[in-house]
Each structure stands twice: as C-alpha cells, then as structure tokens.
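The values are calculated or read from the model by the stated rules, or taken from the named source; none is laboratory data. Not measured: the values here are computed from a predicted model. Here the Cβ positions follow ideal geometry from the backbone for every residue, glycine too, while neighbour counts run over all protein chains shown. The area values use the complete protein model at the heavy-atom level, side chains included, leaving out ligands, DNA and RNA. Shrake-Rupley method; radii C 1.70, N 1.55, O 1.52, S 1.80 Å.
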Amino acid sequence: MVKIERRVHRLFRDRNFWFPSPAQAMEISKSLRPNDVVRFFGVSPALDTVPHLVDHQKMRSLWINLSAGPDAVLNGMKRKSCRYEIRRAEKMLRRVAIEIGSDKANHDFLAVYNDFACAKGLPALSVSWIQEHSAHCETLVLYLAGEPLCSHLLLRDPQASIVRLLYSGSRRLESPEHAAACGALNRYLHWHEMQHYYTQGFMTFDFGGVGQPESITRFKLSFGGTVLIQHFYLLSGMQWIAKLSKLVSERILRRKTFPVFQEKLDS
C-alpha cells in the first residue's frame, strides 16, 4: 500500500491510499478523525461496508502480469498493432535515450505532459505536485535525437508489487513527423518500463483505465493483459468536508476526485 498525505490550509488532513488490502482499508476507515479526508485507489475486490463513505466509483483497468517474464509479456502483445511497432522503434534506438527519475526527467516530463494536457484540454501538473509524490512516483522520458518526445509518470507500490501508469504525454499532436515517431516510440517506452520494473521485482504493470476514448483503449489492449474491475472510495470523518473538497476539486480546479483517467461504470 502507498500512502500520500498532505495538510490543506491547516483545516483538514488529506490522505490518499493506493492498493490497500480490504483489511487495511477497513482499519483506516474506522479510525478517521473529524477533519480527515481519505481516498482509496485501486481496491479489488470491493469492500463490503465502508464507514464514513462519501463517494464510490468502480472502473476498468488493464493489468499486465510481469511475473511471467519479459518473453511471455512480449508474446502476449498483439503482433501487428504492438510487437511490430516495438520492433520498428528498436531500429531507431541509436538516436534514442531514456531518462528515469532524474531532475532532467522530472523537468522534461512536465514540459511534454503539460503541453500535451493543454492541447487536450486537461489540467496541468505542477512542480510541487511532482515533489509531493516523489517518494512513490517516477518519471520516464524518451528522447529522440535529444528532443523529449514521450513522457510517463508511474506510481510504485513495492509492498503490493504493482507499478501503475498515472500520467502519459507526448508530442504526437505537434506535427505529423512527431505523430509518426510517437506511435512506435511510445509503445517502446511502455515495453522498456515493463522490463525495467520486472528487474526491480515488480509483478504487475497496471496500465490504468480502459473505456473511453476508444483509441486509448485499443492502444492499451494491444499490450495484452487482463481487464480488472477496481474500486475507488472517498471518505471523511465529517462528510461536508469531503463534499466541499470534492466540489472545489471538480468545479474550480477542474480535477476529478479520483484523478485517474478511466471509465466510470454504473454503480
């Protein structure tokens, strides 16, 4: 389980928990203070009962089983739409470099992602957000001929042996040339990540949400894997605090209560 905690204007304690077990989630939910706001991310299976519940969403996520080894993962990918593109990217590797978790990677991730988010009408990320999450998140940036082209931010949970894609951006919208290169190289960066985290002992690569838009779903499903239903919960010791936080987040800051770009299912 990963815990990310911050104080909001000294008024309430905001805590996010990724991949808690049902026992861990129940223990946390039963011990909330009046000024606590808690979010559980990626819970599976669903919790039977949740004290102090404000909101519950369930979403589809794609899991890649890294424990089978790189050869099995590669063989599980679709031949034409994925393995072929990775092989095409490998022909460009003389001009490719990848930075992982460095100050340069953090800087260039923000530059690429925020330009991409602006073009897509999504909220930007800040330097302070990267700093707040640095203990549990890692940036990976792929460069082509020295130019940052594709950028990912992943959350690592060594205890659960899961690494999850949180944010992904590229320069594919900037020109036809960028789009042509990104198609293969973005897939290669994901493949590089799967191999990298496998060597670090992670057993699951959580690709995040599948649903809408359809093009992103097709892209992710081309890597193979299994679609899993995950549950996301918002709790508070005093429900009006969580509802106010949710309103500010969604209406003013334009960020969803659960900032994971996934399809919301009917409860």
Residue check, Leu62 among the hydrophobic types (A, V, I, L, M, F, W, C), open to solvent by 40 Å² or more (accessible area, probe 1.4 Å), in contact with a Phe, Trp or Tyr (Cβ under 7 Å, 6 or more places away or on another chain) and touching a residue at least 40 places away in the same chain (Cβ under 8 Å): no
Leading residue by the ranking (nearest to Pro70 (Cα to Cα)) among those in the range 220-230 that are open to solvent by 20 Å² or more (accessible area, probe 1.4 Å) and assigned to a strand (DSSP E or B): Thr226
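The rows are residues; the columns are (1) buried (at least 18 other Cβ atoms within 10 Å of the Cβ); (2) more than 24 Å from Ser44 (Cα to Cα).
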| position | (1), (2) |
| --- | --- |
| Ala145 | no, yes |
| Tyr167 | yes, no |
| Glu174 | no, yes |
| Ala181 | yes, yes |
| His196 | no, yes |
Within the range 193-223, considering residues that are touching a Lys or Arg at 6+ places or on another chain (Cβ under 6 Å) and among the small types (Gly, Ala, Ser), the one nearest to His152 (Cα to Cα): Ser222
Matching residues, the range 20-46, being open to solvent by 20 Å² or more (accessible area, probe 1.4 Å) and either among the aromatic types (Phe, Trp, Tyr) or assigned to a loop (DSSP other than H, G, I, E, B) (or both): Ser21, Lys30, Ser31, Leu32, Arg33, Pro34, Asn35, Ser44, Pro45, Ala46
